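Everything on this sheet refers to the single structure shown next.
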Amino acid sequence: MTELRNAVEADISALAALWHSGWREAHMAHVPENLVAMRTAESFLIRTRRHLQSIRTAGTEGAPLGMCIVKDHIIEHIYVAPSARGSGLANDLIEDGLRKIAEADFTTAELAVIPENARAIAFYKKTGWREGSIKNVSLETLAEPFDLACIIMHKNV
């Protein structure tokens, strides 16, 4: 298992860049243009600062290799740098998030994935997640929330 840690101030710029790049790779071609317009590098920097206390990561300070943000029973965001893909880091980050969810006394975890992200869906299914229904998920933006149709996946913790 990869050694995970809480993100620190020195990670903010690199985490924001990782998150922005990963989001663009996975989502940009499949979401409405007005959402793409909201997902600027600056917006990821601001949101990384906002969520710093909730981010778990791996790698040296200032050079994180991945990130996971958990809120309540939901794994809200998970991204892994291309250089760390295939290393088991994504699974380690998810397992860490599931432990946090279980420690908060939830019995089921959720995550949302856009239907077009076949790579992510296959990974989640391979690691024991069950595909649920499609529903509108209210995404955080710097302005008002943005609703996007996503598959809700579930896993017992």
Inset, instruction - Could you please tell me which pairs satisfy a Cβ distance under 7 Å, a separation of 6+ or placement on different chains, a first residue in region 25-52 that is open to solvent by less than 40 Å² (accessible area, probe 1.4 Å), and a second residue that is assigned to a loop (DSSP other than H, G, I, E, B)? - result: A26/N117; H27/I114; V31/I114; S43/L142; R47/E140; L52/A7
Legend entry - Total residues in region 132-141, condition open to solvent by less than 90 Å² (accessible area, probe 1.4 Å) and either within 10 Å of I151 (Cβ to Cβ) or without any contact (Cβ under 8 Å) to a residue 24 or more places away in the chain (or both): 4
Inset, instruction - Kindly check whether there is at least one residue in region 5-14 that is buried (at least 16 other Cβ atoms within 10 Å of the Cβ), within 26 Å of D147 (Cβ to Cβ) and either under 12 Å from the mean Cα position of the chain (by Cα) or in contact (Cβ under 8 Å) with a residue 24 or more places away in the chain (or both). - result: no
Inset, instruction - Being under 14 Å from L18 (Cα atoms) and without any contact (Cβ under 8 Å) to a residue 12 or more places away in the chain is the filter here, so list the residues in region 61-88 that pass it. - result: P82, R85
Inset, instruction - Give M67, M1, M38 a once-over and let me know the one that is over 16 Å from the mean Cα position of the chain (by Cα) and within 28 Å of N156 (Cα to Cα). - result: M1
Inset, instruction - May I ask you to verify whether V8 is among the β-branched types (V, I, T) and in contact with a helix residue (DSSP H, G or I) (Cβ under 6 Å, 6 or more places away or on another chain)? - result: no
Legend entry - Test: I101 is surrounded by 13 or more Cβ atoms within 10 Å (Cβ to Cβ) and either under 23 Å from R24 (Cβ atoms) or touching a Leu at 6+ places or on another chain (Cβ under 9 Å) (or both): no
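For every residue, the table says whether it meets (1) farther than 23 Å from G128 by Cβ; (2) of a type outside the set (A, V, I, L, M).
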| position | (1), (2) |
| --- | --- |
| E25 | yes, yes |
| V36 | yes, no |
| R50 | yes, yes |
| G62 | yes, yes |
| D72 | no, yes |
| G97 | no, yes |
Inset, instruction - Test R56 against the stated conditions and say whether it is closer than 20 Å to S21 by Cα, open to solvent by less than 40 Å² (accessible area, probe 1.4 Å) and among the charged types (D, E, K, R). - result: no
Legend entry - Residue ID - farthest from K125 (Cα to Cα), chosen from residues in region 64-80 that are hydrophobic (A, V, I, L, M, F, W, C) and open to solvent by 10 Å² or more (accessible area, probe 1.4 Å): L65
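The values are calculated or read from the model by the stated rules, or taken from the named source; none is laboratory data. Since the model is a prediction, treat every value here as computed from it, not as a measurement. Don't worry about glycine lacking a Cβ; one is built from the backbone with ideal geometry, like all the others, and counts go over all protein chains shown. Each accessible area value is taken on the protein alone, full model and side chains, heavy atoms only, with ligands, DNA and RNA left out. Shrake-Rupley method; radii C 1.70, N 1.55, O 1.52, S 1.80 Å.
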